[in-house]
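Scroll down for the structure; my scribbles are underneath it.
Computed from the coordinates by the stated procedures, all read-outs in this text should not be read as laboratory data. Note that the structure is a prediction, hence the values are computed from the model and not measured. Neighbour counts are summed over all protein chains in view; Cβ atoms, including those assigned to glycine, are modelled from backbone coordinates with ideal geometry.
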Amino acid sequence: EIIHQSKKSLARTGRITTPHGTIDTPAFVAVGTNAALKAIDFAKADDAGQQLIFSNTYHLLLQPGPRIIRDAGGIHKFTGREKPFITDSGGFQVFSLAYGSVKESLESGGELKRSNRKVIQSAKKRNDKCHWRSDVTGENAVTVTEDHVIFKSYRDGAKVTLTPESSIQAQRDIGADIIIPLDELPPHHIDR
C-alpha cells in the first residue's frame, strides 16, 4: 500500500501487511542471520519499534535446517518473535564461497579464493590466517548451472544443491513472511 508519493521524485512511503504484522516503509531492517540478533533480544528490538527482521536462508538451511524450524512451528515459534521476518534466497552466500566477501573480491580483482595467491601472500605477510575453509571455498567450491547451484556446507563439507524451487521451499518451511527467490549475484568485475 502506498501511503505517500512525492510530487518531485519517485520517492514514496508505504505499508506492507503480513500475517505477523505491518511494516512501514522505508524502514530499518535488523539482520538476524541465524534467526537471532546480536547484543539485543527480540523483545527489546520490538520495544524499540523494530518491525522486520532479516534472516539468512543459507545459514538456516545448513543449521538447524528448514524442516526443524518448520516442525517447531515456523520461525516465529522457533524464535519466540511474532512479528514479521524476511528471508533471502542464499544466493549471495553461495557467491561468497567462491569469491569471498565484497572486500576480498575487490582485493583479488575477482579471482576465485583458492587460486588467489595475492590475498594469501598478503595474509601471510600480516601474520593473519586466511579465514575461509579451503575445502569448501574457492575454485571448485561452487558449481552454477541454469537450473541449480551445488556447494559444500561450511559446517560439515556435505554437498548441497540449491534450486530456485528448493530455495523457495526452504523459505516456506522456515515460515518467513516475505521470501526472496534465488538469484545469481554476478561478480563485480564482469561487464555483463
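Near the amide H of LEU182, within less than 5 Å, lie the amide hydrogens of ILE168, all on another chain or at least 5 residues away, with H placed in the peptide plane. In order along segment 78-92, the phi-based Karplus estimate (6.51 cos²θ - 1.76 cosθ + 1.60, θ = phi - 60°) of 3J(HN,Hα) comes to 4, 9, x, 10, 9, 9, x, 10, 10, 10, 9, 7, x, x, 5 Hz; Gly and Pro are listed as x. Taking amide H as placed 1.01 Å from N in the peptide plane, the amide H of THR18 sits under 5 Å from that of ILE23, each at least 5 places away or on another chain. Taking label points 7 Å from Cα along the Cα-to-Cβ direction, ASP41 and PHE28 give a separation of 2.1 nm. A simple rule links phi to the HN-Hα coupling: the Karplus curve 6.51 cos²θ - 1.76 cosθ + 1.60 with θ = phi - 60°, which for segment 8-22 gives 9, 8, 8, 4, 7, 10, x, 9, 10, 9, 10, x, 10, x, 9 Hz, with x for Gly and Pro. Whole-Hz Karplus values for segment 41-49 come out as 8, 4, 4, 5, 5, 5, 4, 7, x Hz, taken residue by residue from phi with 6.51 cos²θ - 1.76 cosθ + 1.60 and θ = phi - 60°; glycine and proline positions read x. For the residue pairs LYS7/LYS83; LYS38/LYS152; LYS38/LYS77; LYS77/LYS152, the alpha carbons lie more than 24 Å apart in LYS7/LYS83; LYS38/LYS152; LYS77/LYS152. Annotation: amide H-H contacts under 5 Å for PHE54 (H modelled 1.01 Å from N, sequence separation of 5 or more, or interchain): ALA30, VAL31, GLY32, ILE86. Projecting the Cα atoms of PHE78, LEU61, ALA35 onto the dipole axis of segment 10-90, where Lys and Arg carry +1 and Asp and Glu carry -1 at the beta carbon, places LEU61 farthest toward the positive end.
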